[in-house]
Structures are given as C-alpha cells and as structure tokens.
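I have placed the structure first, in the form of structure tokens, so that the comments after it can refer back to it.
The values are calculated or read from the model by the stated rules, or taken from the named source; none is laboratory data. Remember, predicted model here, so these are calculated numbers, not experimental data. Every residue, glycine as well, gets a Cβ built from its backbone with ideal geometry; the counts of neighbours run over all protein chains shown. The protein model used for the area step is the full one, side chains on, heavy atoms only, and it has no ligands, DNA or RNA in it. Shrake-Rupley method; radii C 1.70, N 1.55, O 1.52, S 1.80 Å.
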Amino acid sequence: MCEPSGVGVGHLSKAAAALSCTLAVSAQRPHFTDVAAKSQFAYVTENGFDGKRKYFPQPLCGGVAVLDFDNDGRPDLYFTNGARFPDLSKSEARYHNALLRNRGGGVFEDATRRAGLADETLGYSLGAAAADFDNDGWTDLFVANAGPNTLYRNNGDGTFRDVSAQAGLGKPANTLSVQGAWFDYDQDGRLDLVLSNYTIWSVADDKRCVREDGVAFYCHPKAYPPVPHRLYRNLGSGKFEDVTGKAGFARALGKGMGIAIADYNGDGWSDVFIANDTERNFLFMNRGDGTFEERGLRSGVAYNDDGATVSAMGADARDYDNDGWPDIFYNNLTTQVWALFRNLGGRSFRYASPASGLVPLSSPYSGWSAGFLDYNNDGWRDLYSANGDVDYLRPNAAQHDTLFENAGGKRFVDVSAGAGEHFLRTGYQRGSAFADLNNDGFTDIVVTSLGRRPAILLNSGVPGAHWTGVKLTGRRANRDSIGASVKVTTGSGRVLHDWVSPSTGFLSSSVLSLHFGLGPETKVASIEVRWPGGSVARAGNLDADKTIEIPEPE
C-alpha cells in the first residue's frame, strides 16, 4: 500500500508523497450498485401526468431527505410525491409520500404508515428538508407543497405529528413552494427556515400551451410571475415568525429552485444562495443584525459570464479547490452550461465553468438535482448531477446521470461510463441526496426518477482510500450544529474544509454529518470545529476510518 510516512520517499516531501499516493489511489475508481430491488416498498415517483393534460408543477416532483428518524445510527430516507390532477388529491396510495427505515445491509422497510406520514391531505408535494428544529434530539421534517406547507414534529417514538397549524409557516395563497432549508441565521440556537418559492399557481389558473400540431407542452417559466422567497424565524415552543419583509427578502422577486447555505465571506454568519429559474440568482448576505442584503449581481453569481439567465436548478456550496472558501455550483438545462463559481477569498466569485472543463461536459444534459461529494475518498470533491429533460414527449428527453471527477481542484473529468449500471440507464431523474447508508466509509447516492422507484446507489469504495467522519452536537448553538465549520488537517499537512449544511441539490436534503476523504493517509493530525456563535473545539492525533463525535463546549 502507498504510505506517505516519509519512509522510503527519498527527497520527496511528505506532502508531495501524499499527493503522489493520492493520484495512485484515485486511479482505482469505485462504482455504484442500485440495491433498491432488495427492499419491499411501493413508492414510485408519480407526478400526476396522464399522458395528455400537462400542468405546470408536474416536472417538479420527487424530493428526498436523509434523516435518522429513530436514532439507531443508520440513515433513513423520506421521499415526496405528486398528486392526482386536477383535484391535487393523494387519496390513492400511489401518490403518498414515503418513509423508508434503514435496516442495514442495503435493505429498507416501508415505515410510512406506522410513522403517521401517509398523509392524504398534503396535495402535490415538492421539496423535503430534515433537521431538529426544536432541539429535542429527534429529527423533524418540513415538506414544501403546491398548497399549504407542512411541518412534522418527530415524537421520538418512531412517529411524527403535523404541527403546521401552530407553527405559523403560512404563505400567500396559491404560492408554489419548491424547497425549504434549515439554518440559524440569527445565532440564537434555534433553527430558522428559508423557503424558495417559484410563482403564484393554482389548478384553476394553470396556463395551457399547445403547439400548432395540437401537441401540448409545459409552458415556459416566463408565463408565470416571480415571487419573493420567504424567511421564518424560529421563536421556540414550536412557533415561527414570518420575517420576510423586515429581513430583506421581500424586495427580490425570483423563481426559486435549489438553496445553498454557507458563510460565503467568512464573517461568521450564514448566507443564502438561491438558484432561480430564468431569473437572476440571489445571494442574500447576512448582515448579522437580523437583516440580509441581496448581493448576487455585485458578487458575480447572478448571471453567467454572458450576462444571461438560465434555468438554474439544483445548487450546492462546498470547497471544490480546497482553498478554505465555499464555492457555488448549480446545474440547468441542455446547452445552457452548468455553473461553477469559485469563491475569491470572500470578496466575490469568478465564473469557473470554462476553466474547469464543465462547458463540454455539461452542455448535452438537463440537470436537476446536483451536489459535491468525494466519491473516491481522495480529498477532492467531485460533482454528481441527476439528469433528465423537462418533458416526456421531447426527443432524446430521457438522459443518464453524470459523475464528474475532480482532478486536483483544477478540472473535472467525466467518469460516468464506469460508475455503474445506473449511470448508463436513461430516465427523468429529479431529487437526490448523499449519505453513507451502510456505514462503510464511502458516500452513497439516492435519486428519484419520474415514473420509477428511486435508485439507492451503494458505493463500492476503493481499497486503501481512507476517510474520517465528523458528527457534531450543538449545546449553545442549534443541536444539529448547522452552520458549524470544520477544518481537518491530515498527517501529511493537507487541509480540508467543510461545513454543516444539509440543503443540497433540488427538492432534497442530505446527511448532517460531514465526510472527509483522506486518500492513502491513515492519520488525522487535527480537527478544528467552529460553531455559530463562536464556540471552538479541537481534537488531534486521530486514526482514520472512524466517525468522530464532537460536542460543543459548555
């Protein structure tokens, strides 16, 4: 095995030896295997399309949230589903949302009805966001809907209770909500909720678009008006206050899709990026006084380098070049080029899609959900995209998903063809999330597809590619430690950064614990954690291939 210990490396430095070993390990690429067939569950992503009448929300279906709802240490899965048109009814079981309990060994069991989540009153559901909003140690669920949104409180006994009415998460009538994301914007220790809204829509006002030959198609987003995104402050005791206006969100009108939250300028406060469909993107910078300033244009992320708006879809913010700053990625439709924005030290962003090779890689695809993951544990975050066109009837609309490997923080390489059978199969993929579902130290993928069961993709891993996991517990900060930043220094001196922010991709949220690939290195020199509010904890001289649990200091 390649070992960057300094023994036998001659004149090479430990860091250079580590890089050489990392390249050797990364040449062995893992693949993904869909294990969904091992489990008995009925869930299929049903968007209500009957083959004839097309309603505007139908392409926006199939979110997934990762959560350990029963605290047994195994990540479980929650899926959202559509409804029957035109009454938006979930009375048929095929439209129910679904909770799958992880039994281990790649097997999941349907726990929806037992958990009280077979809710026929929801109507058409879109995004799901999981977090412990009341700091009681049990993960709760928020569901964005075409109608009223829903908040489920985890009772701690394997069941959930709808607490929407008392929570105060109301919104203007007929607002189409796409995705919610949890974060503590005011650092009071309670998780707040930001909501990306798309437009004003109802079945009665749905616009019908038909070609000259009589074939219906989904109307262009420009046929519908933009609306404000919303911010809800957690007051405690299960209640929220709509602070959209006074926090500075009301003045920016968009068509919200993915949400990526991070401290983009390093001032200690979480900021909010929202990808907008056919409208300029927003970057809400947290002033630290309860208000935000929208700086997308000034920061360089509102448009691409051509000054054009695109159909921005799923979004994520991670450090792809390992310089310690959160970068932004979002995907969009065919020929539009997926966008990668490199963070220039917290001052602004540079459009990095051309330099990183994403222009030719992404142009053929229509991407929906997306995110950074280190799929081969080499210490560089790669890019996954769930792909498929908007419309079933469009030629070549079904597409395969893509996996782009990060080549040392400079360029991306398409490794989709060798990533497993799923990446050769075409479909209409939508929501996706990441987690180590079988606790083997490699990140797995879950993705939905219209008209199909979800794919549960277990990562085969790479021999000799090590890792460390970090699981945080807040005390003064929110219990989930959302917004905390983590710096890992490896034995050879490589420095890796990440932050707790489960909102990933489109309609979805990923695991709360953090995962760092170490390549061939078997030691972690140090881990430094900074929580929202300023608490700091450190640990050092740790063995690899373990998840380290770090509580916030009292």
Please work out the average accessible area per residue across the range 268-366, using the 1.4 Å probe convention, and give it in Å².
32
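Percent of accessible area on the range 45-192 owned by carbon and sulfur, 1.4 Å probe? Working shown, then result.
Details: 2070 of 4520 Å².
Carbon plus sulfur share of accessible area: 46 percent.
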For a label point 7 Å from the Cα of T335 along Cα→C-beta, name the residues of the range 269-304 whose backbone N is under 17 Å from it.
278
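Starting from the Cα coordinates of the range 137-190, work out the convex hull volume and express it per residue in Å³. Walk me through the intermediate numbers first.
Details: hull volume 5.6 nm³, N = 54.
Convex hull of Cα atoms, per residue: 103 Å³.
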All alpha-carbon distances of the range 346-439, grouped into 5 Å bins from 0, give the whole-percent distribution 3, 13, 20, 24, 19, 12, 6, 3, 0
Name the shape class, rounded, prolate or oblate, that the alpha-carbon gyration tensor gives for the range 444-514, where a ≥ b ≥ c are the square roots of its eigenvalues, rounded holds for a/c under 1.5, and otherwise prolate holds if a/b is larger than b/c and oblate otherwise.
oblate
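What dipole magnitude, in Debye to the nearest 20, does the range 376-500 give about its Cα centre under +1 on Lys/Arg Cβ and -1 on Asp/Glu Cβ?
Around 500 debye, computed over the range 376-500.
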Interchain or sequence-distant (5+) residues whose placed amide H lies within less than 5 Å of the amide H of L373 are D382, L383, Y384
Could you look at the range 355-458 and say what percent of its accessible area is carbon and sulfur, using a 1.4 Å probe and all protein chains?
55
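Rounded, prolate or oblate: which fits the chain when a ≥ b ≥ c are the square roots of the eigenvalues of the alpha-carbon gyration tensor, with rounded for a/c under 1.5 and prolate only if a/b beats b/c?
Working: a/c = 1.43, a/b = 1.32, b/c = 1.08.
Taking the square roots of the gyration eigenvalues as a ≥ b ≥ c, the chain is rounded.
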Förster-model FRET efficiency, 51 Å R0, K207 and A42, C-beta, rounded to 0.05:
0.95
Phi angles of the range 181-194, converted by Karplus (6.51 cos²θ - 1.76 cosθ + 1.60, θ = phi - 60°) into ³J(HN,Hα) in whole Hz with x for Gly and Pro, give 9, 8, 6, 10, 6, 10, 6, 9, x, 10, 6, 9, 10, 10
Surpassing 19 Å at the alpha-carbon level, of the pairs K171/K239; K171/K222; K471/K546; K52/K207; K487/K523; K90/K171, are K171/K222; K90/K171
Inter-part gap, Cα centre of the range 397-414 to Cα centre of the range 216-288, in whole angstrom, is 28
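Diagonalise the Cα gyration tensor of the range 292-408 and give the resulting equivalent ellipsoid semi-axes, square root of 5 times each eigenvalue, largest first, whole Å. Walk me through the numbers on the way to the answer.
Working: eigenvalues 110, 69, 25 Å².
For the range 292-408, the ellipsoid semi-axes come out as 24, 19, 11 Å.
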HN-Hα couplings for the range 408-416 via Karplus (6.51, -1.76, 1.60; θ = phi - 60°), in whole Hz with x for Gly/Pro, come out as x, x, 10, 9, 10, 10, 6, 10, 4
Quick check for you: with a 1.4 Å probe and neighbouring chains kept, what is the accessible area per residue of the range 132-258, in Å²?
37
Among the aspartates and glutamates, which fall within straight-line cross-link reach of K255, defined as a Cα-Cα distance under 12 Å, with same-chain neighbours fewer than 8 residues apart omitted?
D277, E279
Tell me, what HN-Hα J-couplings in whole Hz come from the Karplus equation 6.51 cos²θ - 1.76 cosθ + 1.60 at θ = phi - 60° for each residue of the range 153-169, using x for Gly and Pro?
9, 6, 7, x, 10, x, 10, 10, 10, 6, 10, 4, 4, 7, 6, x, 9
What FRET efficiency comes out for the pair V359/K222, r = Cβ-Cβ distance, R0 = 25 Å, nearest 0.05?
0.50
If you build the Cα gyration tensor of the range 235-287 and take the root of 5 times each eigenvalue, what three semi-axes come out, in whole angstrom, biggest first?
20, 16, 11
Which FRET efficiency value, to the nearest 0.05, is calculated for I200 and D267 with the Förster distance at 35 angstrom and r the Cβ-Cβ distance?
0.50
Rule-of-thumb check for the range 461-554: C-alpha Rg over 2.2 N^0.38 Å?
1.09
Would you compute, for the Cα atoms of the range 146-281, the largest minus smallest coordinate along each principal axis and list the three values in descending order, in whole Å?
57, 40, 26
Over the Cα atoms of the range 85-178, each weighted equally, I'd like the Debye log10 I(q)/I(0) at q = 0.11, 0.17, 0.19, 0.23 Å⁻¹, rounded to two decimals.
-0.34, -0.79, -0.97, -1.31
Let me make sure I get this right: for the range 400-520, a, b and c are the square roots of the gyration tensor eigenvalues over alpha carbons, sorted descending. Under 1.5 in a/c it's rounded, otherwise prolate if a/b > b/c, else oblate. Which is it?
oblate
Using only the heavy atoms of the protein chains and a 1.4 Å probe, how would C61, C209 rank by accessible area, largest first?
C209, C61
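Determine the gain in length on full extension of the stretch N71-N155; use 0.36 nm per residue of separation and subtract their C-alpha separation, reporting nm with one decimal.
Working: separation 84, 0.36 × 84 = 30.24 nm, distance 1.20 nm.
In short, 29.0 nm is gained.
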Based on the alpha carbons, how large is the Rg to Rh ratio for the range 66-138 when Rh follows Kirkwood?
1.01
Please state the relative contact order of the range 71-162 as a whole percent: Cα pairs under 8 Å, 6+ residues apart?
23
Under the 7 Å Cα-to-Cβ spin-label approximation, Q166 and A397 lie apart by a distance in nanometres of 4.5
